[in-house]
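Let me give you the structure first, and then I'll get to my questions.
Since every read-out is calculated from the coordinates, none of them should be taken as a lab result. Just so it is clear, the model here is predicted, and its values are computed rather than measured. Every residue, glycine among them, receives a Cβ derived from its backbone with ideal geometry; neighbour counts consider all protein chains shown.
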Amino acid sequence: MGGWFVLACAAMLAARASRKRLTLVVALLSSGVLAALLLATTLGVEKVDWRRAWRPGTLDHAIVMRVRLGRALLGAVVGGALAAAGVTFQTLVRNPLADPYVLGVSSGASVGAALTIVAGAGQGAPLALGAFGGALGALALIYRLGVVRGRLVPHVVLLAGVVFNASSWAVIVTLASLSRPGTTAEMLIWLMGSLSAPDWLRLGMASLVVAGGVAALMAMAPRMNALVLGDEGAHSLGVDVRWTRKVLLLTASVLTAAAVAMAGPIGFVGIIVPHVLRLIVGPDHRILVPASALGGALFLSTCDTLTRMAFLPLGNEPPVSVVTALLGGPFFLVLLWQKRGERLF
């Protein structure tokens, strides 16, 4: 009896410590996100009269509230969605190299969006629905290929994602080559993956979708902890592995589709942010999921601000996807080198 009491007390103390740690991590990262938004709003090419910036209808108000703040908020929403999806995919396939970009879900969303643009409906809700349909289609195909004898095989999923990536971009290039000149330019600009001043209604809807997706992942965090043990280990803890995996796949795909629909394909956010935060806050998904969402928001918003300011002397700026690729490519190779003794594929 005394042993059970000790274990119960230990569990209560661990849960209390976990809640305190979660509160601390969320508070620190939320402060970082607010600082990044303030920095993005303050810095820019044009000088702003801050006395007029709060008056609607003035040029200063449009620059601060629509262009700078809107773009920073878009980066926060997209970054949070991609990082949360990255954590989920890494847990599902038990592989540190998995993220929406590598697994092909982002490419599937891009194909769906490209088809929508070619059809002449590449704005607003049709573009979002096209990206969502493409992400779900890619997910269904990759998932079906990855299931061998009723079980999901992680390395098969990764290889299927790599092949699907190559095929998707071939489809996109073909669509761009065969479409009208104006449509081709629109498609290629969008496919570069960049942040621009968003429509506030679309940004609000995307924010609700991403917030709902992250909340769902947080609710599923204990099950995600169990999945790390493998199918047998999770099943022994009472987790319905098949149902849990389907819900997580669907949620991560919704997050990816929302991000791609708003900003185009932006790679490596789902690899960089979760791995850095996993080293800092640990592998507990009850903390890692919200930390990754906030960390992704901080990372992408900051990257976009630095991109805007770093290329001022050139009079032009590359899309933020170029910066994330320049950071993510070496990060991916270093991660691959560190894991070379393990079976990743």
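How high is the FRET efficiency from LYS47 to VAL148, r the C-beta distance, R0 51 Å, rounded to 0.05? Before the final figure, lay out each step's value.
Details: r = 61 Å, r/R0 = 1.19.
For R0 = 51 Å, the calculated efficiency reads 0.25.
Would you work out if the range 77-156 is rounded, prolate or oblate? Take a ≥ b ≥ c from the square roots of the eigenvalues of the alpha-carbon gyration tensor; rounded if a/c is under 1.5, else prolate when a/b is larger than b/c, oblate otherwise. Show your work: numbers first, answer last.
Values: a/c = 3.23, a/b = 1.66, b/c = 1.94.
Verdict is oblate for the range 77-156.
Hey, another quick one. Please work out how much length the chain gains when fully extended from PHE311 to VAL276, using 0.36 nm per residue of separation minus the C-alpha to C-alpha distance, in nm with one decimal. Mind showing how you got there, number by number?
Details: separation 35, 0.36 × 35 = 12.60 nm, distance 2.65 nm.
The span from PHE311 to VAL276 would gain 9.9 nm if fully extended.
Compute the Cα gyration tensor for the range 261-321, then decide on rounded, prolate or oblate, letting a ≥ b ≥ c be the square roots of its eigenvalues: rounded whenever a/c is under 1.5, prolate when a/b is larger than b/c in the other cases, and oblate in all that remain. The partial results should precede the final answer.
Working: a/c = 3.26, a/b = 2.30, b/c = 1.42.
Note, shape of the range 261-321 comes out prolate.
Let me ask something else. Could you work out how far helix 285-310 tilts from the main Cα principal axis of the chain, as a 0 to 90 degree angle to the nearest 10?
The angle comes out near 20 degrees.
From the phi angles alone, apply the Karplus equation (6.51, -1.76, 1.60; θ = phi - 60°) to the range 157-167 and give each ³J(HN,Hα) in whole Hz, x where the residue is Gly or Pro.
Taking θ as phi minus 60°, the curve returns 4, 5, 5, 4, x, 4, 5, 5, 4, 4, 5 Hz for the range 157-167.
Report, in deg cm²/dmol and to the nearest 500, the calculated mean residue ellipticity at 222 nm for the chain, where each DSSP H run with n ≥ 4 adds -39500 (n - 2.57) and the sum is divided by the residue count. Provide the component values of the computation, followed by the final result.
Working: 14 runs with 257 residues, N = 345.
Rounded to the nearest 500, it is -25500 deg cm²/dmol.
Under 10 Å, Cα contacts only: if you run a Gaussian network model on the chain, which one of GLY329, GLY282, GLY57 comes out with the highest mean-square fluctuation?
Looking only at GLY329, GLY282, GLY57, the biggest GNM fluctuation is shown by GLY57.
A further question on this structure: What are the ³J(HN,Hα) couplings of the range 31-41, residue after residue, when phi is run through the Karplus curve with 6.51, -1.76, 1.60 and θ = phi - 60°? Round to Hz, x for glycine and proline.
5, x, 5, 4, 5, 5, 5, 5, 4, 5, 6
Top mean-square fluctuation among ALA128, ALA291, ALA62, Gaussian network model of the chain, C-alpha springs under 10 Å?
Fluctuation is largest for ALA62.
What do you get for the angle between helix 105-118 and the principal long axis of the chain? Use alpha-carbon atoms, 0 to 90 degrees, nearest ten.
Result, in degrees: 30.
What net charge is computed for the residues neighbouring ALA310, neighbours being all others with C-beta under 13 Å from the C-beta of ALA310, Lys and Arg scored +1, Asp and Glu -1?
On the way: positive: ARG308; negative: ASP304, GLU317.
Result for the neighbourhood of ALA310: -1.
Under a point-charge model restricted to the Cβ atoms of Lys and Arg (+1) and Asp and Glu (-1), what is the dipole moment magnitude of the range 91-338 relative to its Cα centre, in debye to the nearest 20?
Numbers: 13 positive and 9 negative charges, 105 e Å.
Once rounded to the nearest 20, the dipole reads 500 debye.
Just to confirm my numbers, what's the Cα centroid distance between the range 169-246 and the range 34-108 in Å?
When both Cα centres are located, 16 Å separates them.
Does the chain classify as rounded, prolate or oblate by the C-alpha gyration tensor (a ≥ b ≥ c root eigenvalues; a/c under 1.5 gives rounded; else a/b over b/c gives prolate, otherwise oblate)?
Numbers: a/c = 2.02, a/b = 1.28, b/c = 1.57.
It is oblate, given that a/c is not under 1.5 and a/b is not larger than b/c.
Can I ask one more? Please compute the length gained on full extension between LEU34 and LEU250, using 0.36 nm multiplied by the number of residues separating them and subtracting their Cα-Cα distance.
Working: separation 216, 0.36 × 216 = 77.76 nm, distance 2.96 nm.
Contour length minus the Cα-Cα distance gives 74.8 nm.
In a GNM of the chain with a 10 Å cut-off on Cα contacts, which of SER107, SER236, SER253 has the highest mean-square fluctuation?
With Cα springs under 10 Å in the chain, the top fluctuation among SER107, SER236, SER253 is at SER236.
Right, here's the next one. Roughly what angle does helix 69-93 make with the longest principal axis of the chain, taking Cα atoms, 0 to 90 degrees, to the nearest 10?
30
Determine, from the Cβ-Cβ distance of HIS61 and THR23 and an R0 of 30 Å, the FRET efficiency 1/(1 + (r/R0)^6), rounded to the nearest 0.05.
Details: r = 36 Å, r/R0 = 1.19.
Using R0 = 30 Å, I get an efficiency of 0.25.
Next up: Expressed as a rounded percentage, what relative contact order does the chain have, with Cα pairs under 8 Å and six or more residues apart?
Values: 520 pairs, mean separation 103.0, N = 345.
Contact order relative to length: 30 percent.
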